[in-house]
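I have placed the structure first, in the form of structure tokens, so that the comments after it can refer back to it.
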Amino acid sequence: MIERARQGDPRAFAELVRIHQSSVRAQLRHLTGGQWALADDLAQETFVRAWRGLSRFRGEARFGTWLYRIAYNTYLEGSRTLTPPPA
């Protein structure tokens with residue numbers, strides 16, 4: 001399925017999203033302190049980034065591990081723009 005998604009098959013990628021969606025959202029809800037709407041926005045951005053970067057997935061780690069790292073980086077980037085700099 002991952003290989004089909006890497007070849008541009010949107011149905012294969014949709015299946016990967018279905019499989020990993022709840023875990024990614026749970027991770028992001030935890031990171032955002034239970035802010036469900038923010039976590040869902042970040043999850044959506046995570047999957048967009050994963051789709052765009054799928055050709056860089058080398059398969060050295062599990063797909064879920066790769067995806068969770070994208071989610072964490074998306075969270076970090078989002079938190080920088082949401083959190084005002086210290087006074």
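Values quoted throughout were computed directly from the atomic coordinates according to the rules given, and no laboratory measurement underlies them. Predicted model only: the values in this text are computed from it and were never measured. So basically every Cβ, Gly included, is an ideal-geometry build from the backbone, and we count neighbours across all protein chains shown.
Taking each residue as 0.36 nm, the span from TYR72 to SER23 lengthens on full extension beyond its C-alpha to C-alpha distance by 16.4 nm.
On average, how much area does the Cα convex hull of region 2-82 cover when viewed from any direction, in nm²? Don't skip to the answer; put the middle values down first.
Values: hull surface 20.0 nm².
Averaged projected area of region 2-82's Cα convex hull equals 5.0 nm².
Of the GluC sites (Glu not before Pro) found in the chain, the ones in coil according to DSSP and having at most 11 other Cβ atoms within 10 Å of their Cβ are GLU60.
With a sphere of radius 15 Å drawn around the Cβ of GLY59, what net charge do the other residues whose Cβ falls strictly inside it have (Lys, Arg +1; Asp, Glu -1)?
Residues close to GLY59 contribute a combined charge of +4.
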